[in-house]
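The values are calculated or read from the model by the stated rules, or taken from the named source; none is laboratory data. Here the structure is a predicted model, which is why all the values come from computation and not from measurement. Reconstructed Cβ throughout: ideal geometry from the backbone, glycine too, with neighbour counts over all protein chains shown. Protein only, heavy atoms only, side chains kept; ligands, DNA and RNA dropped before computing areas. Shrake-Rupley method; radii C 1.70, N 1.55, O 1.52, S 1.80 Å.
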Amino acid sequence: MKIYNLFPRLAGQFKDWTPHLERASRMGFDWVFVNPIQVLGQSRSLYSIADHFAINATFVAPGTDRSPEEQVRAMVAEADRLGLGMMIDLVINHCAKDSRLVHEHPDWFVRDGDAVASAFCVESDGNRVVWHDLAQFDHRDSPDRAGLLAYCVKMVEYLIDLGFRGFRCDAAYQIPRPVWEHLITHIRKAHPDVIFVAETLGCSPEQTRETAAAGFDAIFNSSKWWDFEGGWLLEQYEQTRRLVPSISFPESHDTERLFHESGGNPNAMKQRYLFAALFSAGIMSPIGFEHGFRRRLDVVNTRPEDWEGTNLDLTDFIAEVNRIKDRFPVFQQEGPIERLHHSNPAILLLRKGSDTGRDTALLALNKDPWNHQHLRIDDICQVARAADPMLDVSPESPLDRLPTPFELELGPGMGRVWVTPAVRTDSESGSARRRSEDRTQVA
């Protein structure tokens, strides 16, 4: 999956989403993920849902004869016309504390004494973050677990009826595996094409594996925080890759903007997108990344007026990287990844293989987004341990012929990509969009 996160608070009313959908399609994304669009509680956070079966008026155009649900379906139809599947947040671990559910079904919630307990998470550094506007559902010990689960199933069916065919399951690791197994199995009996993606960031590898085993199609990985040095990311990847595909991202709605973090460095943006897209089977990028937005997305306060003037335009670069991902099966799977020794420590050299074929890829990435670095590889095919000739498919200035030895100055943050020339067809990739013509291989 190549996912574009269209953040509803920034995009505004559903009728105004078409330019964003068109841009996502031009960049080669095949899914659009939207954060919650239902009616909210008093805190106004997108994740503090008060009514799971009604649409937030913020996104609805007034003065039309179309109901809110009809406006959602029209937006989904527009996405479908552009070859985009629609994915939405599925939030079944909590609701707004001022939701009527708290009073109508008090047995559905974790209790803190006489009060309903607030939702929380424990960050990787041990810090406990509590959201006082959120009431925590009790999927473990509720005396009416069957009623709560039936409500969650109904919630998913409502969103499917609106046209959504994918679900990003918020904080999935906080919910017992049997709950997910029942919900996913039940939904797929009637809707076998529906996709479930588990949000497992911040939990242990053991929790990730336990959650993924419930039937999820993918999880999110933590490659965004890798400094290209330590071994933890490759270790985590190896622990889960045979169980479930993973999705990388250069930034998300929960993080600072990379353009801001990097000091306004477009080379850092390209570096991180290329790495994220080719590292794992899936990629996700939020709205505004392609234009170097600096202002962090906010689930309460972001408004359409916060749309920033274009700092840069990475749409062509992202489209080319996505085409590379589409063309070569090695970038669409969780194959074995190995970090290789290189004489220049400022260059990351990764070999990615396949468990199902002879496909091999070699990625050389300048870890320094500010300075040039010298790259020399005596024999690219030998280093990649590839039996077939290698093809240069780098997103910028690919070479028709690979000399031996290979020497090149890598620009700041630049990546070079070589693959064995197995090409995947459009029908195999399952994409509805036309692909560019494959470059002729020069051995």
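Here's a check for you: in segment 98-116, which residue that is over 13 Å from Gly41 (Cβ atoms) and among the acidic types (Asp, Glu) is most open to solvent (accessible area, probe 1.4 Å)?
Asp114
Looking at Phe33, Phe14, Phe29, can you tell me which residue is more than 19 Å from the chain's Cα centre (by Cα), crowded, with 23+ Cβ neighbours inside 10 Å and not polar (S, T, N, Q)?
The conditions single out Phe14.
Of the residues Val60, Val91, which single one is more than 24 Å from Glu199 (Cβ to Cβ), surrounded by 18 or more Cβ atoms within 10 Å (Cβ to Cβ) and not basic (Lys, Arg)?
Just one listed residue meets the conditions, Val60.
Yes/no per residue for (1) surrounded by 16 or more Cβ atoms within 10 Å (Cβ to Cβ); (2) among the polar types (S, T, N, Q):
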position: Ser343; (1), (2): no, yes
position: Leu348; (1), (2): yes, no
position: Lys352; (1), (2): yes, no
position: Gln373; (1), (2): yes, yes
position: Gln382; (1), (2): no, yes
position: Arg385; (1), (2): no, no
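Select from segment 387-400 the residues that are touching a residue at least 40 places away in the same chain (Cβ under 8 Å) and crowded, with 19+ Cβ neighbours inside 10 Å and list them in ascending order.
Hits for segment 387-400 are Leu391, Val393, Pro395.
Determine if segment 262-275 includes at least one residue that is part of a helix (DSSP H, G or I), under 22 Å from Pro205 (Cα atoms) and in contact (Cβ under 8 Å) with a residue 60 or more places away in the chain.
Looking through segment 262-275, at least one residue is part of a helix (DSSP H, G or I), under 22 Å from Pro205 (Cα atoms) and in contact (Cβ under 8 Å) with a residue 60 or more places away in the chain.
Just checking, which of Thr315, Thr302 is open to solvent by less than 20 Å² (accessible area, probe 1.4 Å), over 26 Å from Thr240 (Cα atoms), modelled with pLDDT of 95 or more and not aliphatic (A, V, I, L, M)?
Selected residue: Thr302, the only one of Thr315, Thr302 that is open to solvent by less than 20 Å² (accessible area, probe 1.4 Å), over 26 Å from Thr240 (Cα atoms), modelled with pLDDT of 95 or more and not aliphatic (A, V, I, L, M).
Okay, residues lined up against (1) more than 22 Å from the chain's Cα centre (by Cα); (2) more than 23 Å from Ile55 (Cβ to Cβ); (3) assigned to a helix (DSSP H, G or I); (4) in contact (Cβ under 8 Å) with a residue 60 or more places away in the chain:
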{"position": "Glu70", "(1), (2), (3), (4)": "yes, no, yes, no"}
{"position": "Met75", "(1), (2), (3), (4)": "no, no, yes, yes"}
{"position": "Asp80", "(1), (2), (3), (4)": "no, no, yes, yes"}
{"position": "Met87", "(1), (2), (3), (4)": "no, no, no, yes"}
{"position": "Ser99", "(1), (2), (3), (4)": "yes, no, no, no"}
{"position": "His103", "(1), (2), (3), (4)": "yes, no, yes, no"}
{"position": "Asp107", "(1), (2), (3), (4)": "yes, yes, yes, no"}
{"position": "Phe120", "(1), (2), (3), (4)": "yes, yes, no, no"}
{"position": "His132", "(1), (2), (3), (4)": "yes, yes, no, no"}
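Restrict the check to segment 305-312 and report whether at least one residue is in a loop (DSSP other than H, G, I, E, B) and in contact with a strand residue (DSSP E or B) (Cβ under 6 Å, 6 or more places away or on another chain).
no
Do we find that Ala79 is touching a strand residue (DSSP E or B) at 6+ places or on another chain (Cβ under 7 Å), crowded, with 22+ Cβ neighbours inside 10 Å and more than 22 Å from Phe216 (Cβ to Cβ) in this structure?
When the stated conditions are applied, Ala79 passes them.
Can you name the residue in segment 18-60 that is of a type in the set (Phe, Trp, Tyr) and touching a residue at least 60 places away in the same chain (Cβ under 8 Å) and, of all such residues, is nearest to Asn322 (Cα to Cα)?
Phe29
Sort out which residues of segment 241-282 are among the charged types (D, E, K, R), closer than 24 Å to Thr211 by Cβ and either surrounded by fewer than 24 Cβ atoms within 10 Å (Cβ to Cβ) or at pLDDT below 95 (or both), and write them in order of number.
The answer is Arg241, Arg242, Asp254.
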